[in-house]
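Colleague: Pasting in a structure now, in structure tokens, and then I'll have a few things to ask.
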Amino acid sequence: MISHYHGSIDSLLFLKPVVIILSILMFHACVSIAQENNLEGYKKCKNNFVCGSLVNVGYPFWGIHHTDGGKSRPEYCGLPYYKLDCYDGDIAEIQISEESYRVLVIDTKSKVMNITNKKFMDDDDACPSKYPVAKFGSSSFVPPDVDTLSLFFDCSISSDIDNLDEFKFNCLINNNRLSSDGYWHIGISTLFSSSCKNRVDVPVMPAALRDLTTGAVPAIIKQGFSVPYLSSVSVTTTINMCETCQSSGGACGYNITTEAPACLCGPGGSRGR
């Protein structure tokens, strides 16, 4: 699962009035956290989680560096379901609805991250044999605004049908190179649906489809799609409160025991002063 927290998703996302009030109070006063002493927690949560050149984020994210644990952000530095994993120093991943996604970039200004399913990122010429679509509506992330690119494999199509070459492409699937039976299409295609044994629907960004050509299919799939990472008004409110905490010298964190955000003190006591 994505995290080790207990409790309902409602409580984790601060949807109850009592939790909202508690969150406000805790973000306007420094608190001690059980995991480490407050000053040590402040120092660790003050640092961003950096993985490669395109992932440099703080609250609500936390994460683990699997090759250099000293660069990790402990789980009490971010919200549940916002855990990142960093491999080899520059490969960031996130779990959404039990699916692993490669994080290509996180834009902290627009609060959007660009992700793609990691199952076909290892080979430059790979195409997905299946594409498990995460249930974004049941997770902490907003369902993305995407278009669907349909890929058809194992096809038996008459060679005398015109204009098929523009939809044909080559890639690796199940370790075998496809030559004449890989096709792509946008929208409904009765020809491919009836003539091909396997179909995979892949979410892609609408802008990518405008320049889609046969040779660009594998690359466009790997471009992924954008997902807003602030799932609700309550989480957005928490981010705003975090800014208040930071402006007064504190570091934003999360109290795992009470399941509420926390403002961690820096040197000198109250609110980091």
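Colleague: If we keep just the residues of the stretch 83-102 that are touching a Cys at 6+ places or on another chain (Cβ under 9 Å) and either among the charged types (D, E, K, R) or within 11 Å of MET121 (Cβ to Cβ) (or both), which is surrounded by the most Cβ atoms within 10 Å (Cβ to Cβ)? Show your work before the answer.
Modeller: Applying the first criterion (touching a Cys at 6+ places or on another chain (Cβ under 9 Å)) to the stretch 83-102 yields 84-87, 89-93.
Filter once more, so that each one left must be either among the charged types (D, E, K, R) or within 11 Å of MET121 (Cβ to Cβ) (or both): 85, 90-91, 93.
Working: ASP85: 17, ASP90: 13, ILE91: 17, GLU93: 19.
In this case the residue turns out to be GLU93.
Colleague: Okay, moving on. Please specify each residue of the stretch 151-175 satisfying the condition of being modelled with pLDDT under 75 and either outside any loop (DSSP other than H, G, I, E, B) or under 28 Å from the mean Cα position of the chain (by Cα) (or both).
Modeller: Passing the criteria: CYS171, LEU172, ILE173, ASN174, ASN175.
Colleague: Please pick out the residue among GLY182, GLY250, GLY268 that is among the small types (Gly, Ala, Ser), over 22 Å from ILE94 (Cβ atoms) and at pLDDT below 80. Outline the logic, then answer.
Modeller: Numbers: GLY182 fails: at pLDDT below 80; GLY250 fails: at pLDDT below 80.
Within the list GLY182, GLY250, GLY268, the selection yields GLY268.
Colleague: For the subset of the stretch 238-258 comprising residues that are touching a residue at least 40 places away in the same chain (Cβ under 8 Å) and either outside the structural domain of GLY63 (by TED's automatic domain parsing) or in contact with a Gly (Cβ under 8 Å, 6 or more places away or on another chain) (or both), which member is surrounded by the most Cβ atoms within 10 Å (Cβ to Cβ)? Walk me through how you get there before you give the answer.
Modeller: Step one: list which residues in the stretch 238-258 are touching a residue at least 40 places away in the same chain (Cβ under 8 Å), which gives 238-239, 241-242, 244-245, 250-258.
Next, from what is left, pick out any that are either outside the structural domain of GLY63 (by TED's automatic domain parsing) or in contact with a Gly (Cβ under 8 Å, 6 or more places away or on another chain) (or both): 250-254.
Working: GLY250: 27, ALA251: 25, CYS252: 25, GLY253: 32, TYR254: 27.
So, considering only residues that are touching a residue at least 40 places away in the same chain (Cβ under 8 Å) and either outside the structural domain of GLY63 (by TED's automatic domain parsing) or in contact with a Gly (Cβ under 8 Å, 6 or more places away or on another chain) (or both), the one surrounded by the most Cβ atoms within 10 Å (Cβ to Cβ) is GLY253.
Colleague: Scanning for something among the small types (Gly, Ala, Ser), modelled with pLDDT under 80 and not in a helix (DSSP H, G or I), does the stretch 201-222 turn up at least one residue?
Modeller: no
The values are calculated or read from the model by the stated rules, or taken from the named source; none is laboratory data. Keep in mind it's a predicted model, so treat the numbers as computed, not measured. Because the Cβ atoms are built from the backbone with ideal geometry, glycine has one as well, and the counts that use them run over all protein chains shown.
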